[in-house]
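One structure below.
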Amino acid sequence: MPNASNSKLREVSADTKQESSNRVPVVRAIDVGFGLVKLSLRKGADLAFINFPSMAIPADASAVRTLGTRRRDTFDVPVNDANYEVGRDVGLAQAGGSFGRDVTDEFYRGVIYEALTKGALRYMLEAGDPVIDVLVLGLPVNQYNDSKRRDYLRSRYEGEIPVGDDKKIKVKKVLVQAQPMGGYAALDAHLDELNEVIARTPGALKPLASGEALDDLSVLMIDPGEHTLDWLLIQQGSINPRASGAASDAGRHRVVRSVLDSLVAEVGRPLGPAVMPRINDALRSGSPVKLAGVAHDLQPFEPVIMTVIEDSINRMIDGLRDAHEIIDLMVLVGGHPERYRDVLVKRFPAIPVFIMPDPMAANVRGFQMIGEAVSEEQAASA
């Protein structure tokens, strides 16, 4: 006669396996840039994309931090036996200048990157996901080309990850992608808008019948980031590594710095790096920048800005190694790519130049799609 307790255990085990098989895999994405961290997370029954500044400030444990009318939207996360404050309100903890940022070539393995990634994971945990089945991370093109860097990220962020306040999140699998590849993955979701640009361009390319037609094209993905200008040449759906790359000091930071230098000459006094975020915000919104209570119109500095952007585009064209001759389509992602588009349209009038809708989040949206596709493939083969 079978043991009753063993029979009951088998029933519980079967029920547990059924619940496990019915669980929808959790896929999340993080795009850590030099300026902003973009991530996906749960918002009720839906998926949302949020961002926060790429700053990690040594945590202040004093009571002064608790003063104010509301708690700031940040978390203290542990890195190397120290805590760092990260999150959407981290600017309130900034001591001035660029403190709390890391723009070196070893960014991906530094304290700042780890704190930012753990901060993104903490947001996911607080949104209701203690386990991530597939996590997609991004790297700038020049760093992605080094397999050791991809391997490092996979080994560092798979497993039980501490995210502060004695909380942990479990990550089962990490995928690493080149940042502009995310924008490419999301491209066919905007086929109507893309075809409008193609139809207006006096070149050989005709509107596409479907997203699958992208695989027949040579598509140049361009990502003017905070400090680098990344480009990725994708031919028949595959990256051409010889014609892909990045130019350092060719992103928004150089543009902002050129405006800062012009403002210094105009106001006749030194301006510290703490002014740069204000300039960046003013450039994004098209509004004046306020300094010491005085509003300064940035429109007169437009020729200086365009000279910087033209130089960055020239460096990209040099890095393409004459591959610009075979490009069918150029796609821009990133924070404010309109001026880059204007330069490219003037330089290549017969090639459609398309700015992704909500370009700042384009890469992380694509990362999410890539992760979901991989998760579906795994489920189908299981």
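Summary table
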{"read-out": "Lys, Arg +1 and Asp, Glu -1 on Cβ, resulting dipole of the chain about Cα centre, debye, nearest 20", "value": "840"}
{"read-out": "Residue pairs, from the table LYS148/LYS172; LYS43/LYS206; LYS148/LYS346; LYS43/LYS290; LYS38/LYS170, whose Cα atoms sit over 28 Å apart", "value": "LYS43/LYS206; LYS148/LYS346; LYS43/LYS290"}
{"read-out": "Relative contact order (%) - the chain, alpha-carbon pairs under 8 angstrom, separation at least six", "value": "18"}
{"read-out": "Rounded if a/c under 1.5, otherwise prolate or oblate - region 130-247, Cα gyration tensor axes", "value": "prolate"}
{"read-out": "3J(HN,Hα) from dihedral phi, region 123-134, Karplus parametrisation 6.51/-1.76/1.60, rounded to Hz, x for glycine, proline", "value": "4, 5, 4, 5, 7, x, 10, x, 10, 10, 6, 9"}
{"read-out": "The chain: antiparallel DSSP beta bridges as a percent of all, rounded to 5", "value": "70"}
{"read-out": "Overall form of the chain per C-alpha gyration tensor (a/c, 1.5; a/b vs b/c)", "value": "oblate"}
{"read-out": "Cβ-placed point charges (K, R +1; D, E -1), dipole of region 305-349 about Cα centre in debye, nearest 20", "value": "100"}
{"read-out": "Cα-based shape type of region 135-193, given that a ≥ b ≥ c are square roots of the gyration tensor eigenvalues and the cut on a/c is 1.5", "value": "oblate"}
{"read-out": "Most to least packed among 145-155, 363-373 [average Cβ atoms within 10 Å]", "value": "363-373, 145-155"}
{"read-out": "Segment THR307-ASP146, length gained on full extension (0.36 nm per residue, minus Cα span)", "value": "54.8 nm"}
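Read-outs throughout are calculated quantities, based only on the coordinates presented, and are distinct from any laboratory measurement. It should be emphasised that the depicted structure is a prediction, and the values quoted were computed from it without experimental measurement. Virtual Cβ from ideal backbone geometry, glycine too; neighbours counted across all protein chains shown.
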